[in-house]
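What follows draws every value from the coordinates through simple rules; no lab data is involved. For clarity, every value in this text was computed on a predicted model and none was experimentally measured. Every residue, glycine as well, gets a Cβ built from its backbone with ideal geometry; the counts of neighbours run over all protein chains shown.
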Amino acid sequence: MKKTSRSIPFVALQGVSAGMLLFSSATVLAQSAETLSVGAASQAQIQGASGVPVGQVYAPRAINYNGFFITPSITLGAGVNDNVDLVENGKRSSNFLTISPEVTVSIPYRDQRVDIGLRATTNLYGASGTQNTTTAELAATGTHPLDARNGLTWRAGLQRGADAARPTATGSTTDLWNQAVLGGVYRYGAQDALINLEGELGYQGRRYSNNRADTRTADFNALKAAGRVFYRVGPKTRLVGEYRVTGTNYINDLTPSLDNTDHKLLAGVDWDASDALSGRILAGYEIKNYKDSARSRYKGLTYEGGLTWKPIERTQFDLTASRSGTDAGAGVNTGTNGTGLGLAWTHQWRPWISSIASVGYGRSDYEGTSRTDDSKTVRLGVSYDFRRWLRLGANFEHLTSSTSNATAVPTVRAANYSRNLLYFTASMGL
């Protein structure tokens, strides 16, 4: 069977921050104790012009148990997927249901805190039992200011996850995996110092649990180390220099070997220039050396960054961009470089009504060949805080994927397909 190209993102070890968690939804565990203990102002009904209650800001209550702030919630979803197998021809459409309970625990102590979260998500497809999945995640983060100049942040997690359906024969099951992650950042330098230093270490290990004929060669361990220097050139502007190295070892390796060491040397700027504009942009040079010389190494431009613009109080635009070398996968003796670009617009129409519209573009170029894989995504969503404990949502997503000159790399299956998702959600808390 032809393989599907796999990119192994080092998701657990990209710039630790106190608020960064493994959870991918909008729920953030690292809230302040004040947010978790919902105040009277947040719980008050919002009145319409006629005096009739028209909504409440969604703010589930936390249970304060001896200084442990426990917040349980659940999200229910229902929708339609018009291409559950991600294929070009012979598409199957299916209704689906999603059930996702979650509990978060925040433990603040003086100026330190630890946040723990547990989430499970079950997706049930009416017409395609092979795509049914149950995923789960246990995540923890810690923020520990040691003194005015030293601080430590860390995170650890266990995940049961699933890849998107592979664009192979109709009826193929979703690839499932188990993953462990661990990472931490040590910071030195006062908040307003001229120079600040950071050191980062991290680990990510993934093992697939099914479809082993295709997935056994994708099991891997990865170790990462990074060092950063920040030089202040203004009250809210710092120049950044970074060296990052990631070593990836594939457990059941291929011939030629996919094992590699990736080096990045980056420089850029980190700023919060005003209440309206903030972000970080890094660019530099990357070299990905493979253990086996039969594989061509990747070298070239790399960049990553994001900008946030708030032209008015209720509107926010987020721009993200990245370019990096990736592992092409089985049977490919050349490296690839992946480019991503995204733009999202969030607007709060009322305190209880908000919307988001986003577009995304991804591109994978196979070095030394004429093959290119492209993907384009459009997402629209609206949420309505019906009550303080209830948020309703409606979402639409359109995805297209295309491959040019698939015969240039015949061992990687072409990915030509489109998919539409329409789904509705209800999130509930105490």
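Quick notes
- Neighbourhood net charge (14 Å Cβ-Cβ; Lys/Arg +1, Asp/Glu -1) for TRP345: +2
- Expressed as a fraction of 2.2 N^0.38 Å, the value expected for a compact globular protein of N residues, the C-alpha radius of gyration of region 340-410 is 1.64.
- Taking each of LYS91/LYS376; LYS310/LYS376; LYS236/LYS299; LYS288/LYS310; LYS291/LYS376 in turn, the alpha-carbon distance tops 27 angstrom for LYS236/LYS299; LYS288/LYS310; LYS291/LYS376.
- Cα pair distances of region 52-125 binned at 10 Å [whole percent]: 15, 28, 25, 19, 11, 3
- Sparse-neighbourhood loop sites, trypsin sites (Lys or Arg not before Pro) in region 307-377 - DSSP loop, at most 13 other Cβ within 10 angstrom: ARG314
- Charge tally in the Cβ shell below 13 Å around THR308, where Lys, Arg are +1 and Asp, Glu are -1, THR308 excluded: -2
- All other residues whose Cβ lies under 11 angstrom from that of HIS398 are scored, Lys and Arg at +1 and Asp and Glu at -1, for a net of +1.
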